[in-house]
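Read through the structure below, which is laid out as structure tokens, and then see the notes.
The values are calculated or read from the model by the stated rules, or taken from the named source; none is laboratory data. Remember, predicted model here, so these are calculated numbers, not experimental data. Note: ideal-geometry Cβ built from the backbone for every residue, glycine included; neighbour counts use all protein chains shown.
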Amino acid sequence: MSEVVTVSGIAAGGDGVGRLADGRAVFLPRTAPGERVRLKADRLRVHRHFARGEADEIVEPAPQRVAPACPHFVHDRCGGCQLQHLSYEAQLAAKRAIVGESLRRIGKLAVTDPEIVGAAEQWRYRARIVMAVKRGGGRARTVGLHPFDGPGKVFPLADCEITDVRLMALWRELQAHLELFPERMTRLTLRLDRDGARHVIAESPGEPWRAGERLRAALADGDALVCWWQPVNGAARVVAGPATGFPATAFEHDNPTTAAAARQWAVDQLGDLHGTVAWDLYGGIGDTAVLLAARGATVVSVDADEKAVAWARRRPDAAAHGTRIRFVAGRAEDVLPSLPDPQVIIVEPPRAGLHWDVALRLGGDPVARLGYVSADPATLARDLYRLNVNYRLRSVQAFDQSPHTAQVVTVAVLEGAAP
């Protein structure tokens, strides 16, 4: 008889966590806190300090378990949504606990689980979807997503319930024209920009994508489509459609509405900024820079993506502030020595967190107020631990970036002290 385990919580990646009889933590996808589950004996993988397994039977279901809405979640074991089997209230509680546990365990901070702001929409909120491509014989291929228990497999995507309906309508059209994409395509990204324009990004090795214009001509509204080719380990470029619009390869959270709320909260926590110099590090397309300038700061916004910086410089709402916003294209760790001394700083680094040189600069020369917008609770906690010598955590708030997934955005606001 296989072992029965009680699930005690949700781990950062969305798996339920329990304990085996020998005391090892075991990670169990698609389980809920409070449930008793019987393990699949042939799927249990035991490591030195932990184990991974799957539930064979839900012996005692938790009251927060719900029927998933997406057919792919059930029939294809889609790995895109880790929490769709939980009620939305349970998802929010799980994300609060994930952030709090990271801040306490990794950041060594004596904090309770932070409050969390729920998403405005629980479905159809994603402005981007990334699909994998698996080749068959000849030009046959499967374009879709990975099962959670088969990262090397790809199932064909019919619909993604958390992705904007406009992108899914585009996907239904594209499926009839897959022969127009690069033969060796490995990944396909669909994206909406903030003006509603649609972008298709095909990633492939070898020869450039040459059939982009044919694809645009084959679609009902192809004139509004921009086709990008992304060479493996290279820079993406437009191959069909207008090349002067929004840079579809620039970083932007998949849920722009939640991201905007998180940035606004971070800036609001900094108070009156008139007469201050503010750094906006990892500033992307300039959203935070505009918010800082609107509160009276003189802003230097830095990002390594030249296309994102070029678009930010053309923003009408940025131009309205004149010389009070300066956009710099470069890596933050390289350009900090050349920037004017700040009084306030906001950072929004990638999931890997702050570059070590940036953390050293911020920690060694603290500013009065520092806002940190994070897409990963673990790297946020690591960086706060590095900064806590000369900073005090003043407030923290979580935002539900992606309902039904384990992703969460966390904003921490710190006060600096003289070193």
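In contact (Cβ under 8 Å) with a residue 40 or more places away in the chain and loosely packed, with under 15 Cβ neighbours inside 10 Å: which single residue out of 127, 120, 97 fits that description?
120
Within the bounds of segment 295-313, is there any residue that is more than 25 Å from residue 399 (Cα to Cα), among the basic types (Lys, Arg), in the same structural domain as residue 177 (by TED's automatic domain parsing) and surrounded by fewer than 21 Cβ atoms within 10 Å (Cβ to Cβ)?
The answer is no, given that none of the residues of segment 295-313 is more than 25 Å from residue 399 (Cα to Cα), among the basic types (Lys, Arg), in the same structural domain as residue 177 (by TED's automatic domain parsing) and surrounded by fewer than 21 Cβ atoms within 10 Å (Cβ to Cβ).
Of the residues 166, 172, 210, 187, which is out of contact with any Leu (no Cβ under 7 Å at 6 or more places or on another chain), closer than 21 Å to residue 402 by Cβ and either surrounded by fewer than 16 Cβ atoms within 10 Å (Cβ to Cβ) or without any contact (Cβ under 8 Å) to a residue 12 or more places away in the chain (or both)?
187
Do you know which of the residues in segment 28-54 that are hydrophobic (A, V, I, L, M, F, W, C) and either within 11 Å of residue 6 (Cα to Cα) or without any contact (Cβ under 8 Å) to a residue 12 or more places away in the chain (or both) is surrounded by the most Cβ atoms within 10 Å (Cβ to Cβ)?
Ranking the candidates gives 37 first.
Taking residue 91 as the residue in question, decide whether it is in a loop (DSSP other than H, G, I, E, B) and in contact with a Pro (Cβ under 7 Å, 6 or more places away or on another chain).
no
Inside segment 227-345, counting only strands (runs of 3 or more DSSP E) that do not spill past its ends, which hold 1 or more residues that are among the aromatic types (Phe, Trp, Tyr) and farther than 21 Å from residue 365 by Cα?
Per the criteria, 325-329.
Rundown of residues vs (1) more than 19 Å from residue 259 (Cα to Cα); (2) aliphatic (A, V, I, L, M), yes/no style:
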{"position": "319", "(1), (2)": "yes, yes"}
{"position": "323", "(1), (2)": "yes, no"}
{"position": "334", "(1), (2)": "yes, no"}
{"position": "337", "(1), (2)": "yes, no"}
{"position": "348", "(1), (2)": "no, no"}
{"position": "371", "(1), (2)": "no, no"}
{"position": "386", "(1), (2)": "yes, no"}
{"position": "390", "(1), (2)": "yes, no"}
{"position": "413", "(1), (2)": "no, yes"}
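Could you list, in sequence order, all residues of segment 378-393 that are within 20 Å of residue 280 (Cα to Cα), in a helix (DSSP H, G or I) and of a type outside the set (A, V, I, L, M, F, W, C)?
Of everything in segment 378-393, those that are within 20 Å of residue 280 (Cα to Cα), in a helix (DSSP H, G or I) and of a type outside the set (A, V, I, L, M, F, W, C) turn out to be 379, 383, 386.
Take segment 112-152 and flag every residue that is in a loop (DSSP other than H, G, I, E, B) and β-branched (Val, Ile, Thr).
112
Find all pairs meeting these conditions: Cβ atoms under 8 angstrom apart; at least six residues apart or on different chains; first residue within segment 142-155 and of a type in the set (Ser, Thr, Tyr); second residue not in a loop (DSSP other than H, G, I, E, B).
142/133; 142/134; 142/155; 142/156
Tally the residues that are among the basic types (Lys, Arg), under 30 Å from residue 12 (Cα atoms) and modelled with pLDDT of 95 or more, restricting the search to segment 318-360.
Summing the residues that are among the basic types (Lys, Arg), under 30 Å from residue 12 (Cα atoms) and modelled with pLDDT of 95 or more in segment 318-360 gives 1.
If you check residue 36 against the conditions, is it over 28 Å from the mean Cα position of the chain (by Cα) and outside the structural domain of residue 408 (by TED's automatic domain parsing)?
When the stated conditions are applied, residue 36 passes them.
Quick check on residue 147: is it surrounded by fewer than 20 Cβ atoms within 10 Å (Cβ to Cβ), in contact with a Phe, Trp or Tyr (Cβ under 8 Å, 6 or more places away or on another chain) and outside the structural domain of residue 402 (by TED's automatic domain parsing)?
Against the criterion (surrounded by fewer than 20 Cβ atoms within 10 Å (Cβ to Cβ), in contact with a Phe, Trp or Tyr (Cβ under 8 Å, 6 or more places away or on another chain) and outside the structural domain of residue 402 (by TED's automatic domain parsing)), residue 147 qualifies.
Taking only segment 360-390 into account, find how many residues are under 23 Å from residue 273 (Cα atoms) and among the small types (Gly, Ala, Ser).
Looking only at that region, the number is 5.
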